[in-house]
Amino acid sequence: MVAAALAVSQPIAVVSTRRDLIEFMRQICRDVGADRYMLVDLTVRTGEQARIVASNWIFDAIDMIGIDLIAKAARFGRTTEPGHQLSSEEVELLAQQGHVDVVGVPVRAGRARYALLLSAEKAGSLLSRAVAKVELLCSYALSLLSGKQGFETQVDALSDRERECLSWVAEGKTTEEVGVILGVSGSTANSYLTSAMQKLGARNRALAIATAIRSGLI
Amino acid sequence: MPVYRELLELAEGLGASDFCLATIGSDRQRKLTPIMDAAFPDAAVLTQQVAADVSPAMLRHASNSTIVAWWAAPRHSAVSAFERLRWVVRTVAIGSARAGLVMPLYAGRCEHGMLVLTGTDFAVCDDTLAAAHLQALELFDRLLKLRAEMSGGNPKLSRRELECLRLTAEGQTSDEIATNLGLSVHTANQYLSNATQKLDAVNRMHAVAKALRFGLID
């Protein structure tokens, strides 16, 4: 019946501050029967850790479980159901910290990607049926919040030349070929690529391309 | 039920008389491509107007946010209906319709779109709008999957091949991937070249870019 409550629903929250977000998450937890939530931003420059946007986890548990496992769990389904991609050790580690019934909900807000981990101490507490609705409501909340804070992804971080070079590399061209296409020397093309990698915080080209595609730059 | 029927019913449910569903290109041009409308299989007037009239600001909104946007002529009955929804945003009119709604849509890993609904008798509240939006997201997802299937579908990659690609897109070298997955470097490289072949890519960079764009990895 809690799911029904979520289906008829309270008014959609106008989330414009972090405080609103936390209140909103509290409401979501009540509606789906979760004790804890963890919202992580997955649109980080890879190589860095996923960033926690909001959470009511005990700090020790975050430390103990590790943000990488949290981010992984948040991407993959429900731990009490088949199909999730955590190892039994990982499930056990979560359970030891009181996260027995765990549902990962991927959330998108425009190009930004988040993952929400909802968990309960008792198996079978969470209402899977409500998950799709939660996904949309979180997407609204995060869209509103990012609109207010104006943090668009690093859309203009790259110069036109850097972007051009990257997009040709993403088409499988070599540095030399990119040089020919753009009418510059191979070493000039290379320096565009190097500076693009630096700006994107990427340690190599594959990561630079992936980051650029993920944030809609190319 | 066919997607077209469901969209029609969705529109009617909100009091709209016309709709146009379009994809938005994931690169910087954000090219708008209408894929279905109320006159399907013909093209409705609304679709021509959508194609000609949608502002870059609207396209930016639809690819950066999930928040529903609306417009209505001054003193139109829809104004008060929409103003009651505190979380939606007002936008400029698309085409000649006196009132309308724009739902940002997303699917797969980096596909975006929008559903434009127009009419004169909008009847919406938080819950009906969110429910319709949820349904629109599902339909958009189904439609894109259907389209991908019709165009031959995405290449089928094995779990290992996808894992290797995913780690490459995270900036890992073959050595690191091998260590991470408990493989020999040779095997890791073999998975990557199989993946490259299956994706019809010329090299690894190209394969990573294609896999991201197909939504095979994220």
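The values are calculated or read from the model by the stated rules, or taken from the named source; none is laboratory data. Keep in mind that what you see is a predicted model, and the values were worked out from it rather than measured. Counting neighbours? That spans all protein chains shown, and the Cβs are built from the backbone with ideal geometry, glycine included. What goes into the accessible areas is simple: the full protein's heavy atoms, side chains included, and nothing from ligands, DNA or RNA. Shrake-Rupley method; radii C 1.70, N 1.55, O 1.52, S 1.80 Å.
Over the alpha carbons of the protein assembly as shown, what is the largest minus smallest coordinate on each principal axis, giving the biggest first in Å?
66, 58, 39
With a 10 Å radius around each residue's Cβ, average the other Cβ atoms per peptide and rank B:124-132, B:162-170, A:61-69, highest first. Let's see the in-between values first.
Numbers: B:124-132: 18.3, B:162-170: 22.6, A:61-69: 14.2.
Ranking the peptides B:124-132, B:162-170, A:61-69 by packing returns B:162-170, B:124-132, A:61-69.
Could I have the simple spin-label model distance between B:T187 and B:D218, label points 7 Å from Cα toward Cβ, reported in nm to one decimal?
Simple spin-label model gives 2.8 nm for this pair.
Specify, per residue and in Å³, the volume enclosed by the convex hull of the alpha carbon atoms belonging to the stretch A:160-214. Intermediate results must be reported in sequence, preceding the final value.
Details: hull volume 3.5 nm³, N = 55.
Hull volume over Cα atoms, normalised by residue count, gives 64 Å³.
Where in the stretch B:10-34 does the label zone of B:A43 land, with the point 7 angstrom along Cα→C-beta and an amide N cut-off under 12 Å?
Backbone N within reach: B:33-34.
In Å², nearest 100, what accessible area do chains A and B bury in total when the solvent probe is 1.4 Å?
3700
Need one number: nm distance between label points at A:V14 and B:D127, each 7 Å from Cα along Cα→Cβ, rounded to one decimal.
That separation, rounded to one decimal, is 2.1 nm.
In nm, what is the difference between 0.36 nm times the number of residues separating B:E9 and B:I35 and their Cα-Cα distance?
Numbers: separation 26, 0.36 × 26 = 9.36 nm, distance 1.73 nm.
Going from the current span to full extension adds 7.6 nm.
Does anyone have the angle between helix B:3-13 and the longest principal axis of chain B? Alpha-carbon axes, 0 to 90°, nearest 10?
It works out to around 40 degrees.
Would you mind checking A:K133/B:K31; A:K122/B:K145; A:K72/A:K173; B:K145/B:K198 for any pair whose Cα atoms are more than 25 angstrom apart?
Numbers: A:K133/B:K31 29 Å; A:K122/B:K145 37 Å; A:K72/A:K173 33 Å; B:K145/B:K198 19 Å.
A:K133/B:K31; A:K122/B:K145; A:K72/A:K173, as the Cα separations exceed 25 Å there.
Just the number, please: percent antiparallel of the DSSP beta bridges in the stretch B:3-150, rounded to the nearest 5. Walk me through the intermediate numbers first.
Numbers: 24 of 26 bridges.
In the stretch B:3-150, approximately 90 percent of DSSP beta bridges are antiparallel ones.
Quick check: Cα centre of the stretch B:176-218 to Cα centre of the stretch B:1-72, how many Å?
First find each Cα centre; the distance between them is then 35 Å.
Compute the label zone of A:Q27 within the stretch B:98-137: residues whose backbone N is under 13 Å from the point 7 Å along Cα-to-Cβ.
Once the point is set 7 Å along Cα→Cβ of A:Q27, B:126-127 turn out to lie under 13 Å by backbone N, inside the stretch B:98-137.
Roughly what would the spin-label model give for A:S185 and B:R147, points 7 Å off Cα along C-beta, in nm?
Computed distance between label sites A:S185 and B:R147 equals 4.4 nm.
Once you average over the residues of B:167-178, how many Cβ atoms of partner chains fall within 10 Å of each Cβ?
Values: counts 1, 5, 8, 8, 14, 6, 3, 0, 0, 0, 0, 0.
That works out to 4 on average.
Leaving ligands, DNA and RNA out of it, report the carbon-plus-sulfur percent of the accessible area of the protein assembly as shown at a 1.4 Å probe. Please list the in-between numbers first.
On the way: 10120 of 19490 Å².
C and S atoms contribute 52 percent here.
In degrees between 0 and 90, to the nearest 10, how far off the longest principal axis of chain B does helix B:159-169 point, with axes built from Cα atoms?
80
Just the ratio, please: alpha-carbon radius of gyration of chain B over 2.2 N^0.38 Å, N its number of residues.
This ratio for chain B stands at 1.24.
Can you give the extra length, in nm with one decimal, that the chain gains between B:D200 and B:T179 once fully stretched, where that is 0.36 nm per residue apart less the Cα-Cα distance? Write down the numbers at each step before the final one.
Numbers: separation 21, 0.36 × 21 = 7.56 nm, distance 2.69 nm.
Stretched out fully, the B:D200 to B:T179 stretch lengthens by 4.9 nm.
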